[in-house]
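**Q** I am attaching a structure below and will ask some questions about it afterwards.
The values are calculated or read from the model by the stated rules, or taken from the named source; none is laboratory data. Remember, predicted model here, so these are calculated numbers, not experimental data. Positions of Cβ are backbone-derived with ideal geometry, glycine not excepted, and every protein chain shown enters the neighbour counts. The accessibility values were calculated without ligands, DNA or RNA, using every heavy atom of the protein model including side chains. Shrake-Rupley method; radii C 1.70, N 1.55, O 1.52, S 1.80 Å.
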Amino acid sequence: MQTTDIGSKEDGKVWHRKPNPSVSNGVIVSVVRSNTHHQHKTVRFLHVAFDTTGESFLAGDHHGNIYVFDISRNRFKLVQKTGQACTALAFSLRRTTEFLVALADYSIKCFDKDTKELVSWMRGHEGAVSSISVHSSGRYAITTSSDTAQLWDLDTFQRKRKLNIRQSVGIQRVFFLPLSNTIISCFNDGSIFGWESDTLFCKFQLSAPQDGPKIHYKAFAVTRDGKTLAAGGRANLLHLWCLESRQLMRVVQMPPRVRTVRQLEFVPDSFDGGSSQILGVLSQDGTMRFINIQSFKQLFQIGSMDEAITSVAICPKGRHIVAIMDSGALNIYSVQGLTQEVNKPPQPLVKVVSQDPSSDCSGMLVKVRGGAVQRPRSSRGRVKAKLVRPPVGFTGDDKENDLPGGLSKKRLLGLLKAFGEYPAKYRMFLWRSLLQLPENQAAFSSLMAKGVHPAFLTLQERYPIKSQKLQRGLQRLLSALAHWSAIFGEADYLPLVAFPFVKLFQNNPLICFEVVATVIVNWCQHWFEYFPNPPLNVLSMVENVLAHHDKELLQHLVDRHITSQLYVWPLLETLFSEVLTRDEWLRLFDNVFSNPPAFLLFATAAYITCCRAQLLALTYREDFEYFFHHRNNFDIGSMIREAYRLMEATPAEVLPRPTLTAFEPLLRGQYPVFNKYPTFIVEYQSQERERIRQQEAQYLLERQALQDLRAEAVRQHAEDEAWYAQQELLQQAETQRRHILQQEESKLAEQRNKLAAMKRELKLKELQLVEATRRRFLSHQQEQRRAQLQRLDDEITRKMALRDQETAAAVQDIEVRQMELDAKRRLFEQQLAKEQVRVDQEVEAELGARRHRAELEDMAFRDTLHTDTGLARDNKRVLEESLAEASLQGAERDWQTEVLRRLERADAEQEKQQQLLTQMAEETRAKEEQLVTLMANMEARKWDDVGPQQTQQEKDKKKEQKTTELLDALQEDPIIQEGPRTDQQHRPLQQRQMPNEPSEDSLLSPCPTRDPGCQPPSPHTQPSADTPICLNNQSLSPDTTSTTFSLDRGRAELDGRERVLMREVLELRQKLARSKSASGSIYSCSSVSQ
């Protein structure tokens, strides 16, 4: 077995020496691909697919490389590198150069193997594509994955249909039936459905039998005629379904070693009409067994446990099998080599042995007929040979009936007459037996080694054939015939004779050559005697038979000047291949090979007589020529029967039998010499052909030289023209380039202008965006400032409210303290009144005595008093005015300071006010204590100095002076000035005194003015020295001469002035509040404008 390592090669030969499949168990070659980076590792092949011709197949490996192997040409080629592993291949498209490959990324790509270009890329699957089925027309394809199947149009590469199923029911396989528009879908649950591909209408359903074991279908195969479906799975059973009746035909049980069926494939046969009889079954052990589904016998097998097979692809023509081995290699098998043992003719029923030379009947052969001996039951058993002596009188005259393999020609002829043809399955075997082919391999190889004969070098020009394989086969066959005999290189009609056999035996050139040689030697006798003219003697034989049996038809042909060269020779030189179909031709030659050589001439006459009516209707020569070169409507069976009738009814003097010799097979070992032709003519023609060939060669040389000179002149002229044209083109190009440069410059200027305009627009837009951003930021800032001002206003309002609350609380505390002081004063006044009453009672007597003396002194003192009183009043008035003005100026200064520092000292003001209130309260309390102390001292001094009047008057003056200085000090004190502003808002102490309540200054008086015990003196009564003087007595008339005076009037004036001052301070505070509100609004407006 040959092994070819393709490695990193992109093309090359598949095998390097001629393979011999019969020696290597049918293996032609084993193909492996070693890894270039790891020499000891190989790249596995994954999938294989044949084309429609069966001569080429695709193979994809694990690295994504796709190779094309051409078995007929012994070449391989790397056509694509996909870069990822393939999961399925298809090579039978309508465009023969294209192929489909399913990749690991769930996509399907279509490539062209010649141009290596990507034609289309199809997507739509969500899982790996497991199989690709192509319609017999090559226009549609079905791709199948585990969850869906999709129908594609390969002309437009668009998806036409999609089969979706439930997730619980998976798809096993979906494929087209051959030669129909039916789609078969197989699911995991064992159900099989048939669908119409155009409408997707469900045509039928095949259900697995319920009574038998579950098979769980995994593998499927269909015959070429689409009538039989084979299914297998997880069992050693196979189901054979008839798709016409949709019934289960057979259940085939495989050998016990088969537990699971992985793959099923039918082996096609060229002569079975599409109803394949051989089924290949690949099991889990890596062995593929081929069985006959009619006899259910195993014919042969490939693979083994050591060399296991993973998948198999079979040629559509049934000639080759490509198996992917478990090692990743490709094994290419020859079906002929595998079936060589199967196709051998059966062993003869009786062995014929030769007598020992010492016996009496030396050299005598004995034939035993098959009726006397039974064939053994087992073909493997040995057939025993009997030594039989020939009967007396045996002369061997019936040698004609002895065929290789023990066949009887008479019996075959009887079967042929009964059925009209041989079985297609055994036709080739019977032909080889009837023609007794020697199969001279060595002689044929020597002829083929001589190469192509010169007479057929240009065969494709004279006889163009579409199939290159048939063209090469015909050329090799004709060359071998020409090397065998020179006449065959000169006969122009020989390709017409050989072509039907080349087409029939295109896979076996040896058999084809020997069949054609046997036909030429036996059925083409005397054809070359009148060479190069048609065989007139043979044509006259057919004309004689036709004249004997149908004179009217012959006369009609003669009248129309139609000779035998026109109505007989076209049939013979083509061996009826132009006027018969394939099946008709095979039936005819079944009879030709089973009868003597003269039968071919009787068949020619029978064809003419069977078409008698049509020929009688023809009148023109062109119509006759067309008739004998084209197919006509007639019954081949009637023609064969007519040929037998003519052969039997023709008299002996008309029969061509004496002229034609009996059938003679080819010799074994070497082919016979064929010289039944005019040698001088052939030699002359060969010499003439050689002379003509030499002259033609000389002429070709001269013509070649002339063509070279002419080509040189043309080339020189072309170079000159090209140079001038190039110069002209250069000038035009220069002009065009300048024009283009000008256009480009103008375009560039326009683009620059547009760019400048765009820049200006962008700048304007940018400025607008900046302005919009600035405005937005200003509005945002104004909103923040407004919110901040609002927060400040709220904070100021809150603090002012808190300050008011604290001030009110402080005022309430002062009022409470004032009430306590008033209560203490009243209690003190009551005590003083009681003490005054007691003192008055004590001094009343003494006052009466001194009253007179006091009156006298009073007169003098009054005068002095009037003068001092006037001056004191003027000075006091001036002092009060200065004090009011200073207070007003201080209030204005404080107001301005407060306006300027209002916002900055808002928080500190509250603490300051609290401190001031606290200090004011402490000072007020201290002054009250000082006043109380002063009053107590004055009371004590009064009682101590009550005696002398002069001393009393001086004391009174001093007391009045001290009181005045105390009041002045209280008025000039800044705390007292701050106090009115605070008291003005809360509680003026002097204004809140009740009318009946004594004032604070009354505490200075030694006796209360409202004391009932202190009566004012009568206006007409002169005060004496002993009379007590009340300083607070306001009932003293102005014209009185008493030396006593009261300070209540001055204090009333001071109280009035204090009230006026308080009102002015209140007005100033209101003005300050209004100006503050106005300044706050101005500040808020200025903040908004910013």
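**Q** What is the projected area of the convex hull of the Cα atoms of region 236-343, averaged over all directions, in nm²?
**A** For region 236-343, averaging the hull's shadow over all directions gives 7.0 nm².
**Q** Something else: Just the number, please: carbon plus sulfur as a percent of the accessible area of region 734-870, 1.4 Å probe, no ligands or DNA/RNA counted.
**A** It is 56 percent, rounded to a whole number.
**Q** Okay, next question. Ranked highest first by the average count of other Cβ atoms within 10 Å around their residues, in what order do 214-224, 1056-1066, 276-286, 512-522 fall?
**A** 512-522, 276-286, 214-224, 1056-1066
**Q** If you don't mind, there's one more thing I want to ask. Let's test this: bin the Cα-Cα distances of region 143-255 at 5 Å from zero up to the farthest pair and state each bin's percent.
**A** 2, 11, 21, 24, 19, 13, 6, 2, 1, 0
**Q** What's the local net charge at VAL43, with K and R +1, D and E -1, over the other residues with C-beta under 10 Å away?
**A** Taking every other residue near VAL43 into account, the sum is +2.
**Q** If you don't mind, there's one more thing I want to ask. Take THR87, THR924, THR148 and sort them by solvent-accessible surface of the protein heavy atoms, 1.4 Å probe, largest at the top.
**A** So, going from the largest accessible area down, we get THR924, THR87, THR148.
**Q** A follow-up question, please. Taking the Cβ-Cβ separation of HIS16 and VAL251 as r and a Förster radius of 35 Å, what is the calculated FRET efficiency to the nearest 0.05?
**A** 0.15
**Q** Using a/c under 1.5 as the rounded threshold, could you call region 172-230 rounded, prolate or oblate? The axes a ≥ b ≥ c are square roots of the C-alpha gyration tensor eigenvalues, and prolate needs a/b larger than b/c, oblate otherwise.
**A** prolate
**Q** How many Å² of accessible area per residue for region 561-603, probe 1.4 Å?
**A** So region 561-603 comes to 24 Å² accessible per residue, rounded to a whole number.
**Q** Which of the peptides 171-182, 421-432, 716-727, 112-123 is most tightly packed, and how do the rest follow, going by the mean number of other Cβ atoms within 10 Å of each residue?
**A** 171-182, 421-432, 112-123, 716-727
**Q** Rounded to a whole number, what is D in µm²/s for region 462-616 from Stokes-Einstein with the Kirkwood radius over alpha-carbon pairs (37 °C, 0.692 mPa s)?
**A** Here the translational diffusion coefficient equals 199 µm²/s.
**Q** For region 295-336, what percent of Cα pairs sit more than 11 Å apart?
**A** Of the Cα pairs, 67 percent sit more than 11 Å apart.
**Q** Dipole magnitude of region 1-115 about its Cα centre, charges +1 at Lys/Arg Cβ and -1 at Asp/Glu Cβ only, in debye to the nearest 20?
**A** That gives a dipole near 260 debye.
**Q** Here's another thing I want to ask about it. How do the peptides 744-754, 234-244, 834-844, 316-326 rank, highest first, by the average count of neighbouring beta carbon atoms within 10 Å per residue?
**A** Result, highest mean Cβ count within 10 Å first: 316-326, 234-244, 834-844, 744-754.
**Q** Can you put HIS561, HIS780, HIS47 in order of accessible area, largest first, using a 1.4 Å probe?
**A** HIS561, HIS780, HIS47
**Q** Let me ask another. Take the alpha carbon gyration tensor of region 83-221, find the square roots of its eigenvalues, order them as a ≥ b ≥ c, and report rounded if a/c is under 1.5; if not, report prolate when a/b exceeds b/c, else oblate.
**A** It is prolate, given that a/c is not under 1.5 and a/b is the larger ratio.
**Q** I've got another one for you. Quote to one decimal, in nm, the extra length available between ARG941 and LEU457 on full extension: 0.36 nm per residue of separation minus the C-alpha distance between them.
**A** Working it through step by step, the gained length comes to 156.8 nm.
**Q** With all protein chains present, how much of the accessible area of region 206-293 (probe radius 1.4 Å) comes from carbon and sulfur, to the nearest whole percent?
**A** Ligands and nucleic acids excluded, carbon and sulfur reach 46 percent.
**Q** From the protein chains alone at 1.4 Å, what is the descending order of accessible area for PHE296, PHE599, largest first?
**A** So the residues, ranked largest to smallest area, are PHE296, PHE599.
**Q** Give the shape of region 759-863 as rounded, prolate or oblate, defined through the alpha-carbon gyration tensor: a ≥ b ≥ c are the square roots of its eigenvalues, a/c under 1.5 means rounded, and otherwise the shape is prolate if a/b is larger than b/c and oblate if not.
**A** Note, shape of region 759-863 comes out oblate.
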